[in-house]
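What follows is calculated from the coordinates using simple rules that are stated; it is not laboratory data. Predicted model, so just to flag it, every value in this text is computed and none were measured. Here Cβ is always computed from backbone atoms with ideal geometry, including for glycine, and neighbour counts include all displayed protein chains.
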Amino acid sequence: MDQDYFAHETAIIDAGCSIGKGTKIWHFTHVMKDCIMGENCNLGQNVVISPEVILGKNVKVQNNISIYTGVICEDDVFLGPSMVFTNIINPRSQIIRKDQYTRTLVRKGATIGANATIVCGNEIGAYAFIGAGAVVIKDVMPYALVVGNPGRQVGWMSEYGHRLHFDENGIAICPESHEKYQLKENKVTKLEK
């Protein structure tokens, strides 16, 4: 049976993986058993996808990233170069805790910047934007802009990745898409046209 995804000759793909149509797997990347990837994903060079990881459609994984067991990324997630996931809260070399992997969920459309760290057990909300080098130690709300160490929310982002500036009525317009957003009770929602 012909494969309908691309894998560079140096990539290693273990048995039992489900890889969606149009996905590209680049140099020196290892996709381990029982992981699931949707259509049109892109895995840069030197990436490791651990067993049972789930990636939705159109997930972009830049170079030098390890995605550990327990991580789920929904559709359209962007993972910046050398960002880091963890999967154990209290790792020790001499203590085996493979039965204690903690789930991390990255919701649809979220961006995690280069060299950011996501401590396991947290949820990154839909279309959230984690700045380069940030260290996320708690859940992140949808559309939130988070920077720093420890990560702190400093604003809100549109689905197109632009900072939102709300008027006195709690309305903001994305400068690129011209979509409207409402900030109400410290939650952002996109308004329908």
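Some notes on this structure:
- Global geometry of the range 57-113, whether rounded, prolate or oblate, following the gyration tensor of its Cα atoms and the 1.5 cut on a/c: prolate
- Assuming charge only on the beta carbon of Lys and Arg (+1) and of Asp and Glu (-1), the dipole of the chain about its Cα centre is about 500 debye to the nearest 20.
- Estimated inter-spin distance, Ile89 and Gln45, nm [label 7 Å along Cα→Cβ]: 3.9
- Look at the alpha carbon pairs under 8 Å that are at least 6 residues apart: their mean separation over the length of the chain gives a relative contact order of 10 percent.
- Inter-site label distance for Ser18 and Gln153 at 7 Å from Cα along Cβ, in nm: 3.3
- Three-way shape label, the range 6-80, alpha-carbon gyration tensor, a/c 1.5: rounded
- Sequence-distant residues sharing a close amide H with Val84 (under 5 Å, placed H): Ala116, Thr117, Ile118
- Across the range 56-67, computed HN-Hα scalar couplings (Karplus, 6.51 cos²θ - 1.76 cosθ + 1.60, θ = phi - 60°) run x, 7, 6, 7, 9, 10, 6, 4, 6, 10, 10, 10 Hz from first to last residue, x flagging Gly and Pro.
- Farthest positive-ward along the range 132-193 dipole, Cα basis, beta-carbon charges - from Ala144, Phe166, Gln182: Ala144
- Label zone of Ser82 (point 7 Å out along Cα→Cβ, amide N under 14 Å): in the range 133-155 this covers 133-134.
- For the range 153-193: rounded, prolate or oblate by the Cα gyration tensor [a/c cutoff 1.5]: oblate
- Based on C-alpha pairs under 8 angstrom that are at least 6 apart in sequence, the range 140-193 has a relative contact order of 22 percent.
- Local electrostatic count at Ser18 - Lys and Arg +1, Asp and Glu -1, tallied over other residues with Cβ under 13 Å: -2
- Reach of Lys24 by Cα under 20 Å, taken over aspartates and glutamates that are not fewer than 8 positions away in the same chain: Asp2, Asp4, Glu9, Asp14, Asp34, Glu39, Glu52, Glu74, Asp75, Asp76
- Hypothetical label at Tyr160: residues of the range 102-118 whose amide nitrogen lies under 19 Å (7 Å Cα-Cβ projection): 109-111
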